[in-house]
Amino acid sequence: MSLFSTLFDLLKGGPRNIKRRLLRDVLLILFVTSGAIISFTMVQELKTQRDISTTIINKANKSVRNHFQAFLEPLSLTLSLLAKWGEAGLLKQDDVKLLATQFHALMEIFPTTHAITIADADTFAIRLSRNNDQFVIIEHRNGMESVSYWKDRKILGGQEKTEKSYSAGREVWFRGAINGASVPGYFLSEPHTLEDTNLTGVTASRKWSPYNSPESVMVVAISFTMKDLMTFMAQFETTLNNRTLLLEKDGTLLSNLKYNDLPTNKQSAAHPAIAKELMEKVTQILAGSNSQGNQAVSLKYQKKTWWLGLSPLIENSDDIWVAVLIPEDDIFKNLQAQWKRFALLVGAILLCGIIMTIFLVRRYSHQLKDLPQQHVNMLSYEHEIRNLIRAGESTSLEFKSTMRTNLRTGKPGKEIELAWLKAVAGFMNSDGGILLIGVADDGEILGLDVDNFANEDKCRLHFKNLLNTHIGAEFTRFISLKVVAIEQMSILIIECERVRRPVFLSVGKNEDFFIRSGPSSTKLSMSQMVKYLSER
């Protein structure tokens, strides 16, 4: 007995040998159980992947926002410091050199600062801005603009020109500071084009009043460019290959820089910049997101899966959005390794189970006795019947030449009917079996023509009436009648199942109890029946 022969028997319709049937069934249980475990694990893995991806993406977005707060923290401190200086009268509006010195010192401490401005609601404003390596002083007073350079603590090359009108009060950052803070302590504008430049940036502003003139309202503003912000944000990495983008609410990438132009640290410099096509997918998702934050979605690009997280950069504001892109391989690298180990473990357990099953079946094969065959496979009934005939009569198989006709007299005889009914009762009281009617004791196929039934229905009806009369209608569900043709002759296949309660053959007022003993049916006395049933 081998695994291959067992599988071959299974393909043929099932092995008849009990040892092979047991081996087959145990192997099927092993395969089904293993398949169920693997299927359940795969379903759980898909759910786990989404849960893990969502968790990592949301954590990454939160980390980006925290990173952004680290960028804003010195800006907030600088605004607070300038406002306190202004309230204390240390920001001298008439002393441009002193203001430039103060502003320049702060910009050296916080190099991400692009410009510092103080202004009132009328025509006064002074701004020190950084233009590459140069510092420019722009002064507005009484309808006049003065532009000069600041170098080595000196004002150089000042020039004036008449302007029609300028009022800082019309600027978004000024109105925002006056009307109220968008974040605690100051107002933060949405991205806009910074004054006197073509750069996109954001301005933070705060109002204050001099101690000696509380009715006057002044505003101090600090601007930073998106380039500086993106340079700072590019230092952030959730995973080795993550991409962090800042976008406007319409999906437009902030600043006029391509992502691959941004400075990167040593680790991320070794990895390719985000592709234009992938960037377009990100902006499309953001444009259709209906401003819903904390989203984690998967998208495919060039047969590679990326996970995208979208959330507002600033709480309670949808002006700037954070988009974090993480390759799926980065998220599930460890999970995939664990899945491979799990698959190997299941395979090893399955293999061990197969080997142990074969060993146990072989070890106890001498204790496993074949159960009698109780059914004929109708898909190959002729082949099976011929095999049964060749095997000959046994405890589970009996041949009868006719259903009702005595071949000697050529007439129906009650003794003929009772003979095969005894076999049916004996099978049911024993381990079940098959009765072939139309087959002689020596295995010759005789057919049913001698019984002279008008048609098959008449034969079935006669069979049913005999069962109901002599065995009982309640036992007919354990008996199956099949009419088949072999060599153009009809024979009956009566399949009998084992019945747990005793089955009696009723003849007149007598009820007899039969069991199978070898190739014949044996009648038991009352005491023998009681003992048999108690030991059954």
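Of 46, 27, 22, 77, all but one fail to be surrounded by 12 or more Cβ atoms within 10 Å (Cβ to Cβ), at pLDDT 65 or above and within 30 Å of residue 312 (Cβ to Cβ); the exception is 77. Could you identify the single residue in 471, 437, 389 that is assigned by TED's automatic domain parsing to the domain that holds residue 516, modelled with pLDDT of 90 or more, of a type outside the set (Phe, Trp, Tyr) and in contact with a strand residue (DSSP E or B) (Cβ under 6 Å, 6 or more places away or on another chain)? The unique qualifying residue is 437. Within the range 481-495, the set of residues being surrounded by 15 or more Cβ atoms within 10 Å (Cβ to Cβ) and either under 16 Å from residue 384 (Cβ atoms) or of a type in the set (Gly, Ala, Ser) (or both) comprises 483, 484, 486, 490, 491, 492, 493, 494, 495. Scanning the range 144-175 for residues that are of a type in the set (Gly, Ala, Ser) and either outside the structural domain of residue 204 (by TED's automatic domain parsing) or modelled with pLDDT of 80 or more (or both) turns up 146, 148, 167, 168, 169. The residue list 505, 466, 524 contains one member that is out of contact with any Cys (no Cβ under 9 Å at 6 or more places or on another chain), free of Cβ contacts under 8 Å to residues at least 12 places away in the same chain and either within 30 Å of residue 390 (Cβ to Cβ) or buried (at least 16 other Cβ atoms within 10 Å of the Cβ) (or both), which is 524. Among the strands (runs of 3 or more DSSP E) confined to the range 60-150, the ones with at least 1 residues that are of a type outside the set (D, E, K, R) and without any contact (Cβ under 8 Å) to a residue 40 or more places away in the chain are located at 125-131, 134-141. Reported count of residues in the range 383-394, each being surrounded by 13 or more Cβ atoms within 10 Å (Cβ to Cβ) and either part of a strand (DSSP E or B) or among the charged types (D, E, K, R) (or both), is 4. Does at least one position in the range 395-414 carry a residue that is among the β-branched types (Val, Ile, Thr) and in a helix (DSSP H, G or I)? The answer is no; no qualifying residue exists. If I filter the range 448-465 for residues that are in contact with a Lys or Arg (Cβ under 7 Å, 6 or more places away or on another chain) and under 21 Å from residue 395 (Cβ atoms), do I get at least one hit? No: zero hits.
The values are calculated or read from the model by the stated rules, or taken from the named source; none is laboratory data. Remember, predicted model here, so these are calculated numbers, not experimental data. All Cβ positions, even for glycine, are placed from backbone atoms using ideal geometry, and neighbour counts span all protein chains on display.
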